[in-house]
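Remarks on the structure that follows.
The values are calculated or read from the model by the stated rules, or taken from the named source; none is laboratory data. Since the model is a prediction, treat every value here as computed from it, not as a measurement. Here Cβ is always computed from backbone atoms with ideal geometry, including for glycine, and neighbour counts include all displayed protein chains.
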Amino acid sequence: MRTFLSFFWHYGEGRFRAILRLVLGLVLMALVTGGMQLPLGWLFNLLPADISINLVTGISYVVLTGGVTLGVFLVGMLIDRRKFADYGLRISRRWWQDFAFGLALGAGLIALIFGVELGAGMVTITGFMNGQGESFWAGMGLSLVLFICVGIQEELTSRGYLITNLAEGLNGWVIKPRWALGIAFGLSSVLFGYLHAANPGATPTSVFTTMLAGIFLGLGFMLTGQLAIPIGLHIAWNFFQGNVFGFPVSGSNAGATFVAIQQGGPEWLTGGAYGPEAGVIGLLAIALGSALTVWYLHRRDGKVALEEEVAIYHTPDGMG
């Protein structure tokens with residue numbers, strides 16, 4: 001009987017096996033996020049009819065992110081048996097320095113893409129401070145809130161939660177930690193691309209290139225075990241791509257833009273209606289960004305290596 005139960009329960013760790021943890025964790029996260037969003041419809045019905053849609057949308061994003069964060073916290077405590085900080089959120093001075101690097105890297109790469117395409121005549125500037133029918137500053141503020149929320153949600157779930165559990169599960173089947181971590185990283189990136197398959201303008205090519213973007217976004221987590229670089233990079237890449245330089249963001253119109261553009265040039269080069277990450281120029285920027293991430297960490301630490309500890313489970317103090 002114990003042998004049979006061991007397929008579902010890890011006696012050495014005192015918790016469910018990875019696959020069952022992931023299933024139960026996703027169910028719990030869905031229940032928490034859904035439960036936190038349910039009262040919003042009732043609340044919004046009480047608000048004045050002329051209240052800004054930007055305010056309502058912003059509140060919705062913040063509540064959703066709060067639900068995801070709370071969901072992951074509860075999953076860690078009740079199912080994964082780990083501290084919330086173990087998902088890549090061990091906040092320290094160094095964490096904030098890495099976060100700032102991620103922000104600068106994302107902004108700089110998109111600025112480089114814009115400069116290359118502008119110089120090559122592949123984009124034409126058609127205006128500045130375009131609010132697209134609404135207040136420019138309100139639209140920019142809403143988009144900033146949106147992309148902060150998206151950066152936190154997607155990195156916490158796709159990298160911090162998913163990679164950690166997959167890597168620990170694979171490591172538990174006598175795969176070396178570095179291989180377990182690498183396979184988990186690859187699987188999470190494939191899933192990241194697949195989850196963008198239904199986006200406007202998505203194609204098989206864009207799904208594949210989004211998988212590569214997932215590798216780029218997760219590289220900082222793989223090398224540090226922290227989400228500082230991925231979250232900063234994700235926020236800045238999306239915001240500067242969509243709202244500063246006017247490109248589509250994974251097939252979507254980001255709203256207000258500081259620079260309004262008309263995209264030209266061959267789609268295979270620029271990414272077309274999906275956005276730069278679906279084109280060769282964007283992929284070259286991703287390759288450069290990956291190299292700069294490795295350079296930054298090597299300059300900081302004097303070495304670069306996979307953070308194998310992500311694949312090794314340690315029972316938190318006070319949890320047995």
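Some observations on this one:
- The range 8-46 - residue that is of a type in the set (Gly, Ala, Ser) and surrounded by 17 or more Cβ atoms within 10 Å (Cβ to Cβ) and, of those, nearest to Ala311 (Cα to Cα): Ala18
- Filtering the range 230-275 to residues that are assigned to a strand (DSSP E or B) and small (Gly, Ala, Ser) leaves Ser252, Ala260.
- Test result for Phe239, farther than 26 Å from Gly182 by Cβ and either in contact with a helix residue (DSSP H, G or I) (Cβ under 9 Å, 6 or more places away or on another chain) or in contact (Cβ under 8 Å) with a residue 12 or more places away in the chain (or both): yes
- Residue match in the range 129-148 (condition: over 19 Å from Leu283 (Cα atoms), modelled with pLDDT of 95 or more and among the β-branched types (Val, Ile, Thr)): yes
- Test: residue in the range 263-271 that is of a type in the set (A, V, I, L, M, F, W, C), surrounded by 22 or more Cβ atoms within 10 Å (Cβ to Cβ) and modelled with pLDDT of 90 or more: no
- In this entry, Gly232 passes the filter for residues that are within 12 Å of the chain's Cα centre (by Cα) and under 28 Å from Gly76 (Cβ atoms).
- As for the range 125-144, it holds at least one residue that is under 27 Å from Thr224 (Cα atoms), hydrophobic (A, V, I, L, M, F, W, C) and either in a helix (DSSP H, G or I) or in contact with a Lys or Arg (Cβ under 9 Å, 6 or more places away or on another chain) (or both).
Here is a yes/no grid of residues against (1) surrounded by fewer than 24 Cβ atoms within 10 Å (Cβ to Cβ); (2) more than 26 Å from Thr293 (Cα to Cα); (3) among the basic types (Lys, Arg):
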| position | (1), (2), (3) |
| --- | --- |
| Gly169 | yes, yes, no |
| Tyr194 | yes, no, no |
| Gly201 | yes, yes, no |
| Val207 | yes, no, no |
| Ala228 | no, no, no |
| Phe245 | no, no, no |
| Ser250 | yes, no, no |
| Ile261 | yes, yes, no |
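- When the residues of the range 141-198 are filtered to those that are among the polar types (S, T, N, Q) and without any contact (Cβ under 8 Å) to a residue 60 or more places away in the chain, the one that is farthest from Ala107 (Cα to Cα) is Ser188.
- Every residue from the range 93-112 that is within 25 Å of Gly264 (Cβ to Cβ), touching a Leu at 6+ places or on another chain (Cβ under 9 Å) and surrounded by 20 or more Cβ atoms within 10 Å (Cβ to Cβ): Gly106, Leu109
- Qualifying residue in the range 141-161 (condition: surrounded by fewer than 20 Cβ atoms within 10 Å (Cβ to Cβ) and more than 22 Å from Thr33 (Cα to Cα)): yes
- Screening Ala202 on (1) at pLDDT below 95; (2) under 26 Å from Met29 (Cβ atoms); (3) assigned to a helix (DSSP H, G or I) shows it passes everything except condition (3).
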